[in-house]
Structures are given as structure tokens and as C-alpha cells.
């Protein structure tokens, strides 16, 4: 009789996973030699499918990066003894299943976790458990969460502090008078055009500043923007705001944002692999709104961290109740906006971190459910075959 014949299959899986993680940490990255495109082609939506996938799992080759080190232990994600066998849902008289979602939305990886166990895990388009995939705007939610950690640690006194108290370079700019809360809600009132495919948009100006590699170039751009409304009165989605959010974390904590992420979450949560994070310039500030690259299970572990309201092994990392507030709609300018603290509220109490091309970390506290999903849709937005929110809502409803 051997060991595997006398222990539960979920325990065997965990032991094998830990062993494979240890081996993977010592192995070269399996995708390192693949041909990739350029970052301009990424945002233009002008990459053929094979090169696009290669690029999305090798974004650390596009810009300088800083490592987010993992810790010594791995948080186990055992496979459920009753995995998801069949799932379907209907929209407008049409029925869809997981095969449809994976195929029509060009999903390159999906893991579904309920009650801490994997119900479904699938890698596609040449990816596997060792693959690191781009976050795009999923990392906005991570940056915002680090602001919560900095508040809990006392590095930031209050969510209603003025950001110029921490970033004095913005005194006298349109960000003078903007609070941390305004920044988290993207309600600064500062003008911004987010159109990814418009070379003249502020978003593309930010990208060009990043490509320049000049220290402080993105923050200089942000300091030059005009005011469009009073702080707290208008919601306007702005990737540029997240660069200020990252700068705020760095200024308040006195350490690189990637190091703070490692110290507070990545090493403690038992991530199985180091992540890496784009820098605005060599050895410079992390790009707060995109550019984190990590494994699928580690994105799911971050979802577990949010599901647990920022508590790891009994240690609170975030203020109590932070995630319920961060994932809920807000009243801005007298109107309800379906946006929290750089998170997207979905149905009931659920919410999601969302990135262009189909990146998701979805959390439903009522169902103890986390879904991490990678996508390789052909254009930044507007090319999902099936509405992801309808799919995730149906998936939550499946678990009664």
C-alpha cells in the first residue's frame, strides 16, 4: 500500500501541486523565447491571434519590471471531490455552456473556486499552470487594495486626506483638493479621455510617456491635465488616476509598490510564483493601472484574499469591512455609479476586478465563490462573444 492510496485525493493534489511549484520555481519560464508584438500593437488591437497570446504571457519583455516575491509556503487550492460537471444558462432564448464561453470569448485560462476548492480549471491557447498572464486593469483593483492596507497600517491617516498631503508635486494642479476617496472612486473631476485605440487620447499619451522611459513622465502628464468638474461630483474612468494611486502608496509607505504588495499580500497569501510589475522607467514607479503579470491560481488567491475581507491566517491586512465598501456602487454627484474603489460591482454583493481583452477576478461573498479568468479577445473592448457579467451572474445562481 502506498501513501496515495490512503489519503484523500484533494490532499494528494495539494502535495503534488506544492512539489510542482517547487520544481517550476527552479525551471526556466516556458514561454520566454516566443516571438511577441509591441505595446502599441496591443492597444491598437492589431496583433494576430498567435502573436497576441505570446505577447500577453510575455509582457515583462515590453517594459522594465520589478519582481513581486512570493513567500515560502503555498496556499493550497485542492480540487473538489465534486467538480463542476455540467453548467449552462440562457440569454434571450439561447442556451450557452462553458464550452461556448471558453470558445466564443477566447478564454486562455479559467479557474472556478468555491468553498476554497477548485471546481473547474482549464488552460487554453498554449497556456499552463506556470504561465504568467497580463492583468491589464485588474491591477487597478490591486493598487486600490494597497491603499486600504496603507490606511490600516497608518501610513495614510484617512481616506478623506488630500492627496497633495502625500504628493506635494500636485499642489497647484487640478489634483489640488482631490481626496484619497475621490481618487479611489475615479471622481477627481480632472479631465481624461480613456479611448485605447485613439492615438490622441490621454490614455495613449500616457502610454507614450511610459514608452519614453523618462522618470516621472506619466506623473508630469497627470499634473498637466485641466479640471473638468469639482472633485467628487463626476465619475470618469481614468487609467491615469491609478498612476497617482501607485505614487500615493509609494510616498505613504516609503517603499516600492511591488515590495509593499509582496510584504502585505503576495508573500503572506501563499502565492505559488513570483509576479512581476511594469515600471514607468528603469527602477522607477510601478504602473498602477496595468502591467502586473502572474499565474492564474495566484490571481485566484488574490480573489480569495478579497473574499476574506483582507484577512490572512487571522491577520487583518485591510480595515474591517473594506472589501464590502470597495465592491459596492457609490453615489457621485447625486447619482449612483456602478463603480467602487477601482472595482466593478456586479449582481447583489458580488464584484470583479476587470481588465481589457477579457481579464477578470470575480468574487461573490454570498456563494463563497471566486473566478479568475484570462482572455485574448481581438480588441481591447467590445469584442466579447458573450457578456461576461451575465455568465458570472448565471454561474453564481447555479450554486444555491
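The values are calculated or read from the model by the stated rules, or taken from the named source; none is laboratory data. For clarity, every value in this text was computed on a predicted model and none was experimentally measured. Backbone-built Cβ (ideal geometry, glycine too); neighbour counts: all protein chains shown.
The number of residues in the stretch 330-357 being in contact with a strand residue (DSSP E or B) (Cβ under 7 Å, 6 or more places away or on another chain) and more than 15 Å from residue 307 (Cα to Cα) comes to 7.
The set of residues from the stretch 214-254 being touching a helix residue (DSSP H, G or I) at 6+ places or on another chain (Cβ under 6 Å) and free of Cβ contacts under 8 Å to residues at least 40 places away in the same chain comprises 221, 250. Only a single criterion out of (1) surrounded by fewer than 23 Cβ atoms within 10 Å (Cβ to Cβ); (2) over 21 Å from residue 149 (Cα atoms); (3) modelled with pLDDT of 95 or more is not satisfied by residue 272, namely (1). Among the residues of the stretch 158-178, those identified as buried (at least 18 other Cβ atoms within 10 Å of the Cβ) and touching a helix residue (DSSP H, G or I) at 6+ places or on another chain (Cβ under 7 Å) are 159, 163, 166, 167, 170, 173, 175, 178.
In summary, residue 380 fulfils each of the numbered conditions (1) within 19 Å of the chain's Cα centre (by Cα); (2) in a helix (DSSP H, G or I); (3) surrounded by fewer than 22 Cβ atoms within 10 Å (Cβ to Cβ) with the single exception of condition (2). Look through the stretch 117-148, keep the residues that are part of a strand (DSSP E or B) and surrounded by 24 or more Cβ atoms within 10 Å (Cβ to Cβ), and return whichever of them is farthest from the chain's Cα centre (by Cα). Here the residue is 133.
Looking across 211, 265, one residue alone is assigned to a helix (DSSP H, G or I), under 27 Å from residue 362 (Cα atoms) and either at pLDDT 95 or above or out of contact with any helix residue (DSSP H, G or I) (no Cβ under 7 Å at 6 or more places or on another chain) (or both). It is 265.
Find the residue count for the stretch 91-116, including only residues that are surrounded by fewer than 18 Cβ atoms within 10 Å (Cβ to Cβ), more than 27 Å from residue 54 (Cα to Cα) and touching a residue at least 12 places away in the same chain (Cβ under 8 Å). Looking only at that region, the number is 3.
Of all residues in the stretch 37-95, those satisfying the criterion of being closer than 29 Å to residue 283 by Cβ and assigned to a loop (DSSP other than H, G, I, E, B) are 37, 38, 47, 57, 58, 62, 63, 64, 69, 70, 71, 72.
Kindly indicate whether any position in the stretch 287-294 is in contact (Cβ under 8 Å) with a residue 24 or more places away in the chain, over 17 Å from the mean Cα position of the chain (by Cα) and over 28 Å from residue 176 (Cα atoms).
Of the stretch 287-294, the ones in contact (Cβ under 8 Å) with a residue 24 or more places away in the chain are 287-294.
Checking which are over 17 Å from the mean Cα position of the chain (by Cα) leaves us with none.
Within the stretch 287-294 (the criterion being in contact (Cβ under 8 Å) with a residue 24 or more places away in the chain, over 17 Å from the mean Cα position of the chain (by Cα) and over 28 Å from residue 176 (Cα atoms)), the answer is no, since none of the residues qualifies.
Only one of (1) in contact with a helix residue (DSSP H, G or I) (Cβ under 6 Å, 6 or more places away or on another chain); (2) modelled with pLDDT of 95 or more; (3) assigned to a loop (DSSP other than H, G, I, E, B) fails for residue 196. Which number is that? Condition not satisfied by residue 196: (2). Tell me, yes or no, whether the stretch 358-374 has at least one residue that is closer than 24 Å to residue 305 by Cβ and part of a loop (DSSP other than H, G, I, E, B). Within the stretch 358-374 (the criterion being closer than 24 Å to residue 305 by Cβ and part of a loop (DSSP other than H, G, I, E, B)), the answer is yes, since at least one residue qualifies. Filter the stretch 183-238 down to the residues that are in contact with a strand residue (DSSP E or B) (Cβ under 6 Å, 6 or more places away or on another chain) and under 20 Å from residue 141 (Cβ atoms), then identify the one that is surrounded by the fewest Cβ atoms within 10 Å (Cβ to Cβ). Residue satisfying both the conditions and the ranking: 235. Only residues that are surrounded by fewer than 19 Cβ atoms within 10 Å (Cβ to Cβ), on the phi > 0 side of the Ramachandran plot and either free of Cβ contacts under 8 Å to residues at least 60 places away in the same chain or under 17 Å from the mean Cα position of the chain (by Cα) (or both) were counted across the stretch 300-333, and they come to 4.
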